[in-house]
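The values are calculated or read from the model by the stated rules, or taken from the named source; none is laboratory data. Every value quoted in this text rests on a predicted model; they were computed, and no experiment measured them. A quick note on method: Cβ atoms are made from the backbone with ideal geometry, for glycine too, and the neighbour counts reach across all protein chains shown. The protein model used for the area step is the full one, side chains on, heavy atoms only, and it has no ligands, DNA or RNA in it. Shrake-Rupley method; radii C 1.70, N 1.55, O 1.52, S 1.80 Å.
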Amino acid sequence: MFFYEKRYKEKNKKYLKDLLNENSIYKLKRGLYKWNELEFDYSNEIIDVAKIVPEGVICLTSALLYYDLTTYIPSEYQIAIHRKSKVVLPDYPPIRLFYFSDKYYQSGITEVSLAGNSIKIYNIEKTIPDCFRYSNETPKDILIESIKEYMNRRDKNINKLMKYAQNTSAEKLLIKYVEVLL
């Protein structure tokens with residue numbers, strides 16, 4: 001499991017140095033580190049994130065990773081909250097908030113159970129159009145990888161996918177990708 005130092009904000013540099021001093025991670029090369037003994041557990045940290053932002057919903061690349069639609073491991077947890085919410089975040093874990101309007105925030109929320117904890121996450125068909133809507137935040141290679149992985153799933157529901165994309169900035173682009181992959 002890898003992560004890139006440059007993606008961390010200034011406040012997390014101390015945490016990175018602490019991890020190096022504790023031998024929890026080791027430096028592979030400038031800016032690239034690896035967890036020792038695979039002690040990092042995405043599921044455990046996502047439970048912590050859900051407790052830190054209880055009204056938040058796991059979204060974008062964090063949700064893609066949960067659904068195994070990407071091999072990319074985000075350097076921060078991406079959480080959707082209602083546009084009018086106010087949240088104070090701790091220094092760690094790195095969390096990035098996305099403020100969604102009612103139209104985008106309410107639809108597609110599902111609850112999953114991780115280690116006996118209930119976690120709110122957008123369903124798979126909502127996650128993909130959201131990533132396309134935030135294409136400036138989601139690199140193109142991740143968008144392509146995620147839509148290819150989705151199209152290979154047996155449980156895909158293209159009608160539901162297009163319903164979530166309907167009347168958004170993602171609609172036209174998503175239609176093109178789906179048509180090519182069908």
field: Point-charge dipole on Cβ atoms (K/R +1, D/E -1) for the stretch 77-119, about Cα centre, debye to 20
entry: 220 debye
message: Using the basic label-point model (7 angstrom from Cα toward the beta carbon), what is the residue 24 to residue 148 distance in nanometres?
response: 3.4 nm
message: In whole Hz and in residue order, list the ³J(HN,Hα) couplings for the stretch 143-160 that follow from phi through the Karplus curve 6.51 cos²θ - 1.76 cosθ + 1.60, θ = phi - 60°; x for Gly and Pro.
response: 4, 5, 4, 5, 6, 5, 4, 5, 5, 7, 6, 6, 8, 5, 9, 5, 4, 5
message: Can you order the peptides 92-98, 110-116, 128-134 by their average number of other Cβ atoms within 10 Å per residue, highest first?
response: 128-134, 92-98, 110-116
- prompt: Summing +1 for each Lys or Arg and -1 for each Asp or Glu, what net charge is found among the other residues whose Cβ lies under 10 Å from the Cβ of residue 72?
  reply: -2
field: Zone residues, the stretch 115-146, relative to residue 109, backbone N less than 13 Å from point 7 Å out along Cα-to-Cβ
entry: 119-123
field: Residues whose placed amide H lies under 5 Å from that of residue 95, excluding near-sequence neighbours
entry: 77
message: Can you compute the modelled spin-label distance between residue 172 and residue 160, with each label point 7 Å from Cα toward Cβ, in nm?
response: 2.8 nm
message: Just to confirm, what accessible area per residue do you get for the stretch 65-182 at 1.4 Å probe, in whole Å²?
response: 55 Å²
message: Just to be sure I understand the model, the point goes 7 Å from the Cα along the line to the Cβ. What's the resulting residue 17 to residue 89 distance in nm?
response: 2.2 nm
query: Over all distinct Cα pairs, what is the inverse of the mean 1/r for the stretch 122-182, reported as the Kirkwood hydrodynamic radius in Å?
result: 11.3 Å
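Computing the accessible area with a 1.4 Å probe over protein heavy atoms, can you report the carbon and sulfur percentage for the stretch 141-182?
Numbers: 1310 of 2860 Å².
Summing carbon and sulfur atoms, their accessible area is 46 percent of the total for the stretch 141-182.
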